[in-house]
1. Mind telling me which of the residues Ser238, Ser193, Ser203 ends up being touching a residue at least 24 places away in the same chain (Cβ under 8 Å), part of a helix (DSSP H, G or I) and among the small types (Gly, Ala, Ser)?
2. Assess whether Lys196 counts as being open to solvent by 70 Å² or more (accessible area, probe 1.4 Å) and at pLDDT 85 or above.
3. Report the residue count in segment 64-106 for those that are open to solvent by 30 Å² or more (accessible area, probe 1.4 Å) and in a helix (DSSP H, G or I).
4. Determine whether segment 216-228 contains at least one residue that is in a helix (DSSP H, G or I), open to solvent by less than 50 Å² (accessible area, probe 1.4 Å) and within 22 Å of Asn155 (Cβ to Cβ).
5. Quick check on my filter: what residues within segment 200-215 are open to solvent by less than 60 Å² (accessible area, probe 1.4 Å) and farther than 14 Å from Gln91 by Cα?
6. Output the residues belonging to segment 209-250 that are at pLDDT below 85, of a type in the set (A, V, I, L, M) and touching a Leu at 6+ places or on another chain (Cβ under 9 Å).
7. From the list Glu191, Glu247, exactly one residue is within 17 Å of Pro102 (Cα to Cα), open to solvent by 50 Å² or more (accessible area, probe 1.4 Å) and not basic (Lys, Arg). Which is it?
8. Residues in segment 109-116: is at least one modelled with pLDDT under 80, exposed (fewer than 15 other Cβ atoms within 10 Å of the Cβ), assigned to a helix (DSSP H, G or I) and not charged (D, E, K, R)?
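The values are calculated or read from the model by the stated rules, or taken from the named source; none is laboratory data. Quick caveat, the model's predicted, so the values are computed rather than measured. Cβ sites come from the backbone with ideal geometry, for glycine too, and all protein chains shown count toward neighbours. These accessible areas exclude ligands, DNA and RNA; they are computed on the full protein's heavy atoms, side chains included. Shrake-Rupley method; radii C 1.70, N 1.55, O 1.52, S 1.80 Å.
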Amino acid sequence: MKKKAEDSITRLKMLRLEAGLSLKEMAQSFNKFIVENNLPIKKVSYATLSRWENGISEPKNAVWTALAIFFDFPVSLIRGIELSTEEKGIQLLKIIIDLFQPFRIGYETASYLSEEEAENLFQKLHEFYGAPTDIFPWADEDYNSDFTIEKFAENYDVTGALNQYLKTFHLDAYKELTSELRDNEFNRDDENSIIKTDRLIVSKYLQPFVEEMTADNLKYTNKIDYKSVNMFVGWLRSKTLKKELAEHPELIKLRQIIKEREIVFSNHFSDIESIAKENILGNVTANSNRINSDKLKNKRNAIIQDLDDYLQRIYKLVN
């Protein structure tokens, strides 16, 4: 680890300003935090905080630790200690193993999160790794209807992304991993024991990929958190997709067909819903009601025609 003295100055001040606190307010809040948590350190004055921020003096180790907990920020980063790539990889590996979901690797369903699996994954990301609720809008009362489990999985599902990556790049290792996992499930009756051992098994196969990904993506940050998981999942998926597209050019055509299908049918459904809304609100006459009925029939015929065109394109692509 390398120490950058000037970084501890700017980072401590940066965190205070991001929290919207003056030096005096910071001293009051931090002192309250010390008392409430019965920490074995002395209260601080805003003058002392100013000296820390300007590098005139430096907190003791126990105070650095308390500041890290107060700001929910890694103590090494506040202190200006730069982690090596290896150390970042170790931290990231721990998070990924914590988020790994047993009983999915090796099965076709591994690529798809169930609603329960998605909620469990979000809870861990939120409670232990600082993920905001807006990455999983179901956690809010004002539910965002545009949210889907697929979108959430695309960003945070370590297990599904790893499953596809291993199948694509390291088929022998994938078969070996799934065999070990199934043997573990068969030989153990206790689910907690299965989960604990599963994570040890998976860590062996994750290690080389975490190191490579860390070197690629985490050069300029020491804060390993839910965003790092997002980076890792994105890295696995982009590597997998790039190889699949290179080996199977038809996938490019399929992606285009899917994109066009989404636009066409989205427009159809929006038109239908607009017609339905007009009728529900009662802003229609007997004549316009008949016109709307005709519109729905025409829209049905258009959907059938577009669906037939879509299926024909898919059939032509796969045959």
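1. Numbers: Ser238 fails: touching a residue at least 24 places away in the same chain (Cβ under 8 Å); Ser193 fails: touching a residue at least 24 places away in the same chain (Cβ under 8 Å).
Selected residue: Ser203, the only one of Ser238, Ser193, Ser203 that is touching a residue at least 24 places away in the same chain (Cβ under 8 Å), part of a helix (DSSP H, G or I) and among the small types (Gly, Ala, Ser).
2. Working: open to solvent by 70 Å² or more (accessible area, probe 1.4 Å): yes; at pLDDT 85 or above: no.
No, not satisfied.
3. At the first step, the residues of segment 64-106 found to be open to solvent by 30 Å² or more (accessible area, probe 1.4 Å) are 65, 69-75, 79, 81-82, 84-87, 90-91, 94, 98, 103.
Retained after the next criterion (residues that are in a helix (DSSP H, G or I)): 65, 69-71, 75, 85-87, 90-91, 94, 98.
Number satisfying all stated conditions: 12.
4. Our first condition is that a residue be in a helix (DSSP H, G or I); within segment 216-228, this holds for 216-217, 226-228.
Narrowing further to those that are open to solvent by less than 50 Å² (accessible area, probe 1.4 Å): 226, 228.
Still in the running and within 22 Å of Asn155 (Cβ to Cβ): 226, 228.
Taking every residue of segment 216-228 in turn, at least one turns out to be in a helix (DSSP H, G or I), open to solvent by less than 50 Å² (accessible area, probe 1.4 Å) and within 22 Å of Asn155 (Cβ to Cβ).
5. Scanning segment 200-215 gives Ile201, Val202, Tyr205.
6. Once the filter is applied, which keeps residues that are at pLDDT below 85, of a type in the set (A, V, I, L, M) and touching a Leu at 6+ places or on another chain (Cβ under 9 Å), segment 209-250 yields Val210, Met213, Leu218, Ile224.
7. Details: Glu247 fails: within 17 Å of Pro102 (Cα to Cα).
Matching residue, one of Glu191, Glu247: Glu191.
8. First pass over segment 109-116, keeping only residues modelled with pLDDT under 80: 109-111.
Cutting the leftovers down to exposed (fewer than 15 other Cβ atoms within 10 Å of the Cβ) gives us 109.
Now restrict to residues that are assigned to a helix (DSSP H, G or I): 109.
If we keep only those that are not charged (D, E, K, R) as well, we get 109.
For segment 109-116, residues modelled with pLDDT under 80, exposed (fewer than 15 other Cβ atoms within 10 Å of the Cβ), assigned to a helix (DSSP H, G or I) and not charged (D, E, K, R): present.
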